[in-house]
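Participant: Would you mind keeping the following structure in view while I ask a few things?
The values are calculated or read from the model by the stated rules, or taken from the named source; none is laboratory data. Worth saying up front: this structure is predicted, and the values here are computed from it rather than measured. Cβ atoms come from the backbone with ideal geometry, glycine included; neighbour counts cover every protein chain shown.
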Amino acid sequence: MWKISLALIVIVGSATFYITSSVYKQSGKSLQERTFFDDNQHLHVMGIVLGESTVRDAEIAFRSRADAAVFLYPKANQEGQEAQYTGKLEAYFPSIADHSKILLTLQLTDAELEAVRQRSTRPRVYPNGVIRMNLSSEDILAVQRMVITELSLIPSVELNKEMIVAQFGEPEKTITTKANSTTYTFPKIGLVATINEDAKDKLTFSNP
């Protein structure tokens, strides 16, 4: 089964973490203007309205055009079993400054993702097992009209709890896993902050 997700990655400056997160520390008008839930419970963050804004809106907000491709990520499986993959459609904005990233998840069904994959070009396999397939011209245009449901910021700087608390306050819940990962949840701004010792840290904003 395909995992129902459509991921779009865009490169932004590392200052984005500080600019975006500092909004939560501000009171009154600044918070209401920049990071808040509207009457439809759609989160406004970094100029994007989750559940309403499209990829084209993100291109305008980030002043860059998206370059998209289908990526198939191998799942862990037992020896002897057929390889299985999680499919995602990812788009990059390579003209923006440094190595911070934004990951946008869009509304897409399993059937729609499979159709996009079928129209894509011959796969290219990377050494880590990830498979890339370039989109058809039809789907490159279609991506711009797709709606964003989640926004994840992957900063180029390493985060720690002190940095997160300084920017967002104390989390309502903290969970530490065996995989050297700790998550901090902030429901008031639809945020889950994840610190990974063995991977990239991530700030994920989503609607309720």
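Participant: Would you confirm whether or not the range 200-207 contains a residue that is in contact with a helix residue (DSSP H, G or I) (Cβ under 9 Å, 6 or more places away or on another chain) and under 22 Å from GLN41 (Cα atoms)?
Facilitator: yes
Participant: Mind checking which residues of the range 161-208 are in a loop (DSSP other than H, G, I, E, B), modelled with pLDDT under 90 and either out of contact with any strand residue (DSSP E or B) (no Cβ under 6 Å at 6 or more places or on another chain) or among the hydroxyl-bearing types (Ser, Thr, Tyr) (or both)?
Facilitator: Across the range 161-208, the qualifying residues are GLY169, THR177, LYS178, ALA179, ASN180, GLU197, ASP198, ALA199, PRO208.
Participant: I've got another one for you. Of the conditions (1) modelled with pLDDT of 55 or more; (2) of a type in the set (Asp, Glu); (3) not in a loop (DSSP other than H, G, I, E, B), GLU82 satisfies every one except a single condition; which number is it?
Facilitator: Against the list (1) modelled with pLDDT of 55 or more; (2) of a type in the set (Asp, Glu); (3) not in a loop (DSSP other than H, G, I, E, B), GLU82 comes up short only on (3).
Participant: Just to be sure I understand the filter: pairs with C-beta atoms under 7 Å, separated by 6 or more residues or on different chains, first member in the range 156-184 and within 16 Å of PHE205 (Cβ to Cβ), second member surrounded by fewer than 13 Cβ atoms within 10 Å (Cβ to Cβ). Which pairs pass?
Facilitator: Correct list of pairs: GLN167/LYS25; GLU172/PRO187; THR183/ILE175; TYR184/THR174.
Participant: Is it the case that the range 144-154 has a residue that's of a type in the set (A, V, I, L, M), touching a helix residue (DSSP H, G or I) at 6+ places or on another chain (Cβ under 9 Å) and at pLDDT 90 or above?
Facilitator: Checked against the condition, which is being of a type in the set (A, V, I, L, M), touching a helix residue (DSSP H, G or I) at 6+ places or on another chain (Cβ under 9 Å) and at pLDDT 90 or above, the range 144-154 yields no hits at all.
Participant: Turning to a different aspect of this structure: Out of all the residues in the range 138-148, is one or more closer than 25 Å to LYS188 by Cβ and either of a type in the set (Asp, Glu) or surrounded by fewer than 19 Cβ atoms within 10 Å (Cβ to Cβ) (or both)?
Facilitator: Taking every residue of the range 138-148 in turn, at least one turns out to be closer than 25 Å to LYS188 by Cβ and either of a type in the set (Asp, Glu) or surrounded by fewer than 19 Cβ atoms within 10 Å (Cβ to Cβ) (or both).
Participant: Return the pair list, or none, for Cβ contacts closer than 9 Å from residues in the range 102-130 that are in contact (Cβ under 8 Å) with a residue 60 or more places away in the chain to residues that are assigned to a helix (DSSP H, G or I), at least 6 apart or on different chains.
Facilitator: Final answer for the pair search is ILE102/THR16; ILE102/ALA58; ILE102/PHE62; LEU104/VAL55; LEU104/ALA58; LEU106/VAL55; LEU106/VAL143; LEU108/VAL116.
Participant: Still on this structure: If you scan the range 186-208, which residues turn out to be touching a Leu at 6+ places or on another chain (Cβ under 6 Å) and among the aromatic types (Phe, Trp, Tyr)?
Facilitator: PHE205
Participant: Condition first: in contact (Cβ under 8 Å) with a residue 24 or more places away in the chain, of a type in the set (Lys, Arg) and either outside any loop (DSSP other than H, G, I, E, B) or in contact with a Phe, Trp or Tyr (Cβ under 9 Å, 6 or more places away or on another chain) (or both). Can you find one or more residues in the range 142-149 that meet it?
Facilitator: No; the residues of the range 142-149 include none that is in contact (Cβ under 8 Å) with a residue 24 or more places away in the chain, of a type in the set (Lys, Arg) and either outside any loop (DSSP other than H, G, I, E, B) or in contact with a Phe, Trp or Tyr (Cβ under 9 Å, 6 or more places away or on another chain) (or both).
Participant: So, one more: Being among the aliphatic types (A, V, I, L, M) and modelled with pLDDT under 85 is the requirement here; does VAL70 meet it?
Facilitator: No: the conditions fail for VAL70.
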